[in-house]
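Below is one structure, written out as structure tokens; the observations come after it.
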Amino acid sequence: MSKLYLKKSLGQHFLKDEGILQKIAEAIGDMSPFKTVVEIGPGMGALTKYLIRQKHENFFVVELDDRWAEHLSNAYPSLRGKIIHEDFLQTDLGFLQNPTHVVGNFPYNISSQIVFRIIDEREKVEMMTGMFQKEVALRIAAKHGSKDYGVTSVLTQAYYDCHYLFDVTPDCFDPPPKVMSGIIQLKRKEKRTLDCDEVLFKRIVKAAFNQRRKTMRNSLKEFTGGKELASNDIFNLRPEQISVQAFQELTNLIQSS
């Protein structure tokens, strides 16, 4: 296939370093325990060619760009009928079965949204292994007390154990991006629901980090009405000091008041 121009609108930077590609494939590991495996944004198939060797019966790829979807169909005949030529954020995920492993070198412009969609599909998605802009990957995996800890960290880690695996440098891509990249892995926790009202939990987390320099007493006034809730010490903390579990306890405290 002749080289085609890349679409900046789709955040296309293709990984060319075979050593890194093999390392990602090794991190993904044995696909056989999963009923469904989905690669998002395969592009020309740089990672796909490693994964397809496992001959998984329900290995699908989701590719929005019609040029690469056609190329994948021609280059990998076994993928025919399993190429979903749509936007992952919009596609019907009814084909997923539990457990599913979602993998890929994710388009950076929608990578956070991909994670939130995976969280929404957590009943089926047991694991995710993929590449993000390093800044985003660090935010997802950050622990409380870290400057990178924020909304994405809490909402992801409420349901998944997150591990930052390794860096990927710009020279591994064509064209080289202006940022570092990082590989992370999410593994679903055994308990898939929280010990609190999940809608309220999400609202509280977002409100807290929306004013992250303020203490919880000041940033959560809309939930407490300014009342001192039993003068609980947690309200003297800033959001980055509060663990995922403590955010759940805080949600219950506010709801019970």
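Here, each number is a calculation from the coordinates, and none is a lab measurement. The structure displayed is predicted, hence computed values, not measured ones. Please note: Cβ atoms are built from the backbone with ideal geometry, for glycine as well, and neighbour counts cover all protein chains shown.
Some points to look at:
- Rounded, prolate or oblate (a/c below 1.5 giving rounded, otherwise prolate when a/b exceeds b/c) for the stretch 151-221 by Cα gyration tensor: oblate
- Rounded to whole Hz, the Karplus (6.51, -1.76, 1.60) HN-Hα couplings of the stretch 122-130, x for glycine and proline: 5, 4, 10, 8, 8, 9, 9, 10, x
- Degrees, to the nearest 10: 111-120 long Cα axis against longest axis of the chain: 70
- Database remark: amide H of LEU165 closer than 5 angstrom to the amide H of ILE183, ILE184, GLN185 (H placed geometrically; neighbours at sequence offset of 5 or more, or on other chains; Pro and chain starts carry no H).
- In plain terms, the chain from GLN211 to ASP30 could stretch by 60.9 nm, reckoned as 0.36 nm per residue minus the Cα-Cα distance.
- DSSP bridge pairs, the chain: antiparallel proportion in percent, nearest 5: 50
- Projected-area average for the chain over all orientations - Cα convex hull basis, square nanometres: 14.2
- Taking the Cα atoms of the stretch 1-124, the ratio Rg/Rh between the radius of gyration and the Kirkwood radius comes to 0.93.
- Integer Hz, Karplus 6.51/-1.76/1.60 couplings in order for the stretch 241-257, x for Gly and Pro: 8, 10, 6, 4, 5, 5, 5, 5, 5, 5, 4, 5, 4, 5, 5, 6, 7
- Helix 198-210 axis, angle to the chain major axis (alpha carbon atoms, nearest 10°): 80
- Where both bridge residues fall in the stretch 105-257, DSSP classifies roughly 95% of the beta bridges as antiparallel.
- Long-range HN-HN contacts of ILE84 with modeled amide H, under 5 Å: VAL61, VAL62, GLU63
- Taken as Cα centroids, the stretch 126-160 and the stretch 72-117 sit 21 Å apart, rounded to the nearest whole angstrom.
- Contact order normalised by residue count of the chain, Cα under 8 Å, 6+ apart, percent: 16
- Cα gyration tensor category, rounded, prolate or oblate, for the stretch 113-166 with a/c compared to 1.5: prolate
- Take every Cα pair under 8 Å whose residues are at least 6 apart in sequence, average their separation, divide by the length of the stretch 198-256, and the relative contact order is 38 percent.
- Candidates HIS56, PRO33, ALA207 compared by Cα position along the dipole of the chain: farthest toward the positive end lies ALA207, with charges placed on Cβ.
- Placing +1 on the Cβ of every Lys and Arg and -1 on the Cβ of every Asp and Glu, with no other charges, gives the chain a dipole of roughly 540 debye about its Cα centre.
- In terms of its C-alpha gyration tensor, the stretch 198-256 has a rounded overall shape, because the principal axis ratio a/c (a ≥ b ≥ c, square roots of the eigenvalues) stays below 1.5.
- ³J(HN,Hα) computed for each position of the stretch 39-45 - Karplus, 6.51 cos²θ - 1.76 cosθ + 1.60, integer Hz, glycine/proline x: 9, 9, x, x, x, 7, x
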